[in-house]
Amino acid sequence: MRGRLLCSLLLLGVALSGCTAEGPLSSDETKEDPVAKDSFVPHVLVALTADATLNPYHEVFYRPNLTEHPCTYIKDFPCSVQALDLSVGVHETLQEAAKADAALWDAVRPDIWYWIPKTAFVAVSCEAEATGGLCLLGQEDPWGTRLASSIAIDGPDVLISYRDGLNMAAHRGAGLPVDIFSDSGDTLCMQEMDASEWTPRCSFHVEHTTFHVVAANYGPRPALVHRGKGHPDLISVSGGYTDGSEDATDGDQVDVVSHRCRPTAALGLAGTESVCSVDLTAPTVAAALAQVVLALREHSGYDGSVQDGLVDPELGISLADVRTAMNRTASYAPEPRHEERDRYAVPVPVNPAAPWLQWGWGFYDVRIADATVAVFLEGAKASKPAEAAEYMETMHDLKKRLYG
């Protein structure tokens with residue numbers, strides 16, 4: 001799927017390497033303008049928001065070739081985003097890294113966006129009320145690192161925008177050309193304490209112009225009854241196991257399911273460890289969709305972001321087209337992978353006669369992304385049983401009547 005041209009790969013890492021999507025530039029053709037039009041490359045940007053700190057030093061995020069400002073190779077990326085030039089890739093422990101870069105971290109301020117050279121993070125920021133100490137950096141709560149690493153592991157060429165806090169709209173507010181949003185919390189509809197009781201406060205905002213992937217609820221509550229999970233413009237995801245079972249404690253009536261247990265960045269600077277949570281399903285599906293979008297853009301050479309509902313205007317492929325292809329290629333019999341199981345799980349087998357009642361359109365991850373791409377580039381056929389399609393389309397119509 002990746003690697004349309006060697007020059008494209010080099011461009012993604014080194015904008016001044018003298019390459020364009022059409023090939024190497026001669027010395028007299030090389031542009032001195034750092035944001036020259038021919039320096040942009042096919043890419044995909046995934047935005048992640050989590051009320052947790054981040055460890056950008058971990059090896060899963062290390063991209064040694066990404067040394068130029070993101071605005072030199074990402075079209076419409078704001079050049080005003082500041083560099084946070086951390087000493088990534090040189091330390092043995094996170095403590096050593098944090099000590100070496102203490103002055104840089106002390107200078108980081110809430111609501112200011114930074115990019116981190118030599119990492120997948122082209123934009124990072126934190127909310128003022130979410131700091132709890134050093135803005136962004138931390139390992140006491142490694143959950144932000146777990147979520148972001150799910151994207152980085154499955155999508156090594158995917159670029160990431162990370163927000164420490166609960167404001168998903170902050171990415172757009174910063175002018176970032178996001179292609180896919182990954183939401184594992186309740187950043188769309190949250191709750192706050194009233195004087196006497198918990199009352200719902202819905203700061204709901206769906207990005208209609210991008211993919212917006214959300215993890216389903218904890219507990220068996222259907223996603224349909226939660227506007228922040230069941231809105232028809234969202235791609236709702238719950239947890240499953242490739243052996244054909246799911247956890248009885250996870251939400252249902254979702255669009256697709258994905259790995260409830262999967263490798264994530266281990267504590268420290270290297271290695272991975274398996275973690276289980278329905279929260280991990282959103283970044284896992286977001287990474288798979290990102291690989292689909294990137295493959296299409298590498299094929300066509302399109303170097304922009306989602307435009308007027310099209311993920312690739314050169315190919316004429318829309319958000320709806322990709323979502324339909326994902327639905328059709330999602331599997332009710334996925335290949336075994338990440339077979340760890342949550343030790344607290346209450347396993348429930350998926351009904352083989354009607355798996356869509358539990359798994360929606362089916363199981364989806366990065367290994368199925370190739371089949372989705374083949375629908376567009378190879379004319380591959382993919383379909384679901386008529387009963388599955390009827391059920392899922394009925395559910396989608398109901399979501400439209402409730403929330404759309």
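The values are calculated or read from the model by the stated rules, or taken from the named source; none is laboratory data. Here the structure is a predicted model, which means the values were calculated and not measured. Here Cβ is always computed from backbone atoms with ideal geometry, including for glycine, and neighbour counts include all displayed protein chains. Surface areas here come from the heavy atoms of the whole protein model, side chains and all, with no ligands, DNA or RNA. Shrake-Rupley method; radii C 1.70, N 1.55, O 1.52, S 1.80 Å.
List of remarks:
- Label point distance in nm, residue 315-residue 83, each placed 7 Å from Cα along Cα→Cβ: 3.4 nm
- Annotation: amide H of residue 235 within the under-5 Å range of 212, 213, 214, sequence separation 5 or more or interchain, hydrogens built in the peptide plane.
- Residue 386-residue 398 pseudo-label distance in nm [points 7 Å out on the Cα-to-Cβ vector]: 2.2 nm
- In order along segment 139-156, phi translates into HN-Hα couplings of 9, 4, 10, x, 5, x, 5, 4, 5, 5, 5, 4, 6, 5, 6, 7, x, x Hz, rounded to whole numbers, per the Karplus curve 6.51 cos²θ - 1.76 cosθ + 1.60 with θ = phi - 60° and x for Gly and Pro.
- Distance (nanometres) between label positions extended 7 Å along Cα→Cβ at residue 354 and residue 370: 3.5 nm
- Within the full protein context, the accessible area of residue 105 is estimated at about 10 Å² for a probe radius of 1.4 Å.
- Extended-chain gain in nm, criterion 0.36 nm per residue less alpha-carbon gap, residue 109 and residue 128: 6.0 nm
- From the C-alpha gyration tensor of segment 279-369, square roots of 5λ in Å: 30, 15, 11
- Residue-normalised accessible area of segment 309-404, given per residue in Å² at a 1.4 Å probe: 54 Å²
- The residue 93 and residue 346 beta-carbon pair, evaluated with R₀ = 56 Å, returns a calculated FRET efficiency of approximately 0.90.
- The amide H of residue 245, built 1.01 Å from its N in the peptide plane, has 350 as neighbours under 5 Å, considering only residues 5 or more places off or on other chains.
- Gyration tensor verdict on segment 346-404 (Cα atoms; rounded if a/c is under 1.5, prolate if a/b is larger than b/c, oblate otherwise): oblate
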